[in-house]
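Here's the structure we're looking at; comments come further down.
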Amino acid sequence: MNWITKIIKAGEKIKTAIHKRASKEEIAKSDWTSCCKGPILKKDLEKNLWVCPDCNRHHRISPKQRFDIFFGKNNYEIFKTPIPKDDPLDWTDSKPYKTRLKTARKKTGMDCGMMVTSGTINNIKVTAVASDFDFLGASMAAAEGEAFLYGIQHAIENQIPFICFSSGGGMRMMESLISLSQMTRTTLAINELKKNNLPYIVVLTDPTAGGITASYAMLGDLEIAESDHCLISFAGARVIKATIKEDLLKDFRKAIMFRKLVL
Ligand SMILES: [Zn+2]
């Protein structure tokens with residue numbers, strides 16, 4: 001190998017190193033993530049409850065990570081909730097819905113996008129649910145509806161408060177009307193909880209949008225936003241801008257905006 005070939009080979013290596021970007025899987029498996037000041041160790045972020053110490057951004061966390069913080073590590077019970085038949089409409093868009101479900105289950109280790117748990121907080125027993133954004137954007141379909149109803153039933157049977165950590169982009173269109181009917185089902189279930197005089201507390205996390213905002217996420221006796229910057233909305237910003245034909249405010253659809261409006 002002469003010196004010219006050596007230089008060309010080295011150049012190729014550098015080119016590959018620059019162009020090769022980490023895949024989503026590699027990023028998820030890495031010990032590092034990034035925030036305002038560049039790379040940050042996940043371990044350091046976890047110590048600070050997944051909140052960036054510099055910009056106060058609340059990083060998205062899985063239901064398991066959330067309940068480990070909320071109840072204490074392994075200090076709660078996770079329920080197995082009923083799973084209706086997969087893919088009732090035999091749906092295919094760019095990929096078959098069955099494949100999407102399989103990937104989401106493998107990625108999250110969950111059967112559906114919502115986890116139902118029960119544990120004790122300040123000596124008060126509660127039932128709590130949370131959605132996983134990594135499970136098809138925490139969208140709501142029949143299985144998630146069953147999980148929510150299971151949680152409400154558990155709260156009523158035990159006469160304990162019900163806490164919902166809401167997140168998700170809305171109803172899952174791969175189940176069409178079956179998904180949309182979950183808006184009614186969850187609303188009716190919450191009414192049953194209220195008839196029993198049990199508190200329904202909603203913690204809005206980033207992002208809570210679409211049919212989720214239009215149903216169970218806005219029916220709490222108490223509504224708390226996880227951080228000022230979590231997105232809470234019904235329609236997308238572009239749709240609203242096109243409808244009202246005006247520029248939107250800086251913090252439009254962010255929790256901080258709601259606080260400004262209320263105060
Ligand atoms: Zn930051």
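The set of residues from segment 73-108 being at positive phi and free of Cβ contacts under 8 Å to residues at least 24 places away in the same chain comprises Asn74, Asp90. Being touching an Asp or Glu at 6+ places or on another chain (Cβ under 6 Å) and surrounded by 22 or more Cβ atoms within 10 Å (Cβ to Cβ) is not true of Thr186. If you go through segment 20-57 and keep only what is within 9 Å of the ligand (Cβ to nearest atom), without any contact (Cβ under 8 Å) to a residue 24 or more places away in the chain and of a type in the set (Lys, Arg), you end up with just Lys37. Would you confirm, using the coordinates I've provided, whether Leu180 is more than 13 Å from Met140 (Cβ to Cβ), at pLDDT 95 or above and in a helix (DSSP H, G or I)? Considered against the rule, which asks whether it is more than 13 Å from Met140 (Cβ to Cβ), at pLDDT 95 or above and in a helix (DSSP H, G or I), Leu180 comes out as no.
Please work out which residue is nearest to the ligand (Cβ to nearest atom), limiting yourself to segment 58-81 and to residues that are over 16 Å from Gly151 (Cβ atoms) and either in contact with a Cys (Cβ under 6 Å, 6 or more places away or on another chain) or among the aliphatic types (A, V, I, L, M) (or both). Step by step, filter segment 58-81, then rank; the result is Ile61.
Here Gly38 clears all of (1) at pLDDT below 90; (2) exposed (fewer than 10 other Cβ atoms within 10 Å of the Cβ); (3) farther than 22 Å from Met110 by Cβ except the condition numbered (1). Here's a check for you: in segment 189-202, which residue that is in contact with a helix residue (DSSP H, G or I) (Cβ under 9 Å, 6 or more places away or on another chain) and among the aliphatic types (A, V, I, L, M) is surrounded by the fewest Cβ atoms within 10 Å (Cβ to Cβ)? Among residues in segment 189-202 that are in contact with a helix residue (DSSP H, G or I) (Cβ under 9 Å, 6 or more places away or on another chain) and among the aliphatic types (A, V, I, L, M), the one surrounded by the fewest Cβ atoms within 10 Å (Cβ to Cβ) is Leu198. Looking at Arg57, is it of a type outside the set (Val, Ile, Thr), under 20 Å from the mean Cα position of the chain (by Cα) and closer than 15 Å to Ala138 by Cβ? When the stated conditions are applied, Arg57 does not pass them. A residue that is surrounded by fewer than 16 Cβ atoms within 10 Å (Cβ to Cβ), modelled with pLDDT of 95 or more and touching a Pro at 6+ places or on another chain (Cβ under 8 Å) occurs somewhere in segment 120-127. Within segment 138-162, the residues that satisfy the criterion of being assigned to a helix (DSSP H, G or I) and either more than 20 Å from the chain's Cα centre (by Cα) or at pLDDT below 95 (or both) are Gln153, His154, Ala155, Ile156, Glu157, Asn158.
The values are calculated or read from the model by the stated rules, or taken from the named source; none is laboratory data. Please read these numbers as outputs of a predicted model, since none were measured by experiment. Don't worry about glycine lacking a Cβ; one is built from the backbone with ideal geometry, like all the others, and counts go over all protein chains shown.
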